[in-house]
Amino acid sequence: MMPTPSMEDYIEQIYNLIEEKGYARVSDIAEALSVHPSSVTKMVQKLDKDEYLVYEKYRGLVLTAKGKKIGKRLVYRHELLEQFMRIIGVDEGNIYQDVEGIEHHLSWNAIDRIGDLVQYFQEDPVRLQALRNIQKQNEQQTE
């Protein structure tokens, strides 16, 4: 069973917290996702049932191999989409919200193609500068 977008948000955040702090507590997850701890507890129990993590009340949680694999992939997807947004010239202040808005709605095939495009521009700074020049021209024309 594939995780739902909500499950993906939790797995991604848990993965990030464990990478950053070495652990993830319900309170840390609640704060990071701006949700109530009781909501986190319910989701963590569901993720435990679906074998993405192992949760022991009052002791904490650890991602299973399945949870780690998906967590790593979700973090990659998020970071890749942020890179893509920067390349196409999205204002920095909009990037996080834009990525949050689209990341669950793209197929992995689309993510792979975006990865190809990001790589194309990163491999040659001249390509990126040419894109910037086109963007600048378009902005001047619309003013």
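Looking at the chain, how many pairs of lysines come closer than 25 Å at the Cα, when each pair is eight or more places apart or spans two chains?
So the count works out to 27.
Taking R0 as 25 Å, what FRET efficiency do you get between Glu92 and Arg127 from their Cβ-Cβ distance, rounded to the nearest 0.05? Kindly include the intermediate steps, with their values, before the conclusion.
Details: r = 21 Å, r/R0 = 0.84.
After rounding to 0.05, the efficiency reads 0.75.
Taking the Cα centre of the stretch 1-118 as the origin, how large is its charge dipole in debye, to the nearest 20, when only Lys and Arg (+1) and Asp and Glu (-1) carry charge on their Cβ atoms? Write out the running numbers ahead of the final one.
Working: 15 positive and 20 negative charges, 129 e Å.
Dipole magnitude for the stretch 1-118 comes out near 620 debye.
Evaluate the distance, in nm, between pseudo-label points positioned 7 Å from the Cα of Ser38 and of Thr4 along their respective Cα→Cβ axes.
The two pseudo-label positions are separated by 1.8 nm.
Between Tyr120 and Glu79, what is the label-to-label distance in nm when each label sits 7 Å out along the Cα-to-Cβ direction?
Reported label-point gap for Tyr120 and Glu79 is 2.3 nm.
Among Tyr120, Ile29, Gly93, pick out the residue whose Cα is farthest towards the positive end of the charge dipole of the chain, where Lys and Arg carry +1 and Asp and Glu carry -1 on C-beta, about the Cα centre.
Ile29
Bear in mind that the values in this text are calculations on the coordinates, not laboratory data. Since this is a predicted model, take the numbers as computed values, not measurements. Cβ coordinates were reconstructed from backbone atoms using ideal geometry, including for glycine residues, and neighbour counts include every protein chain displayed.
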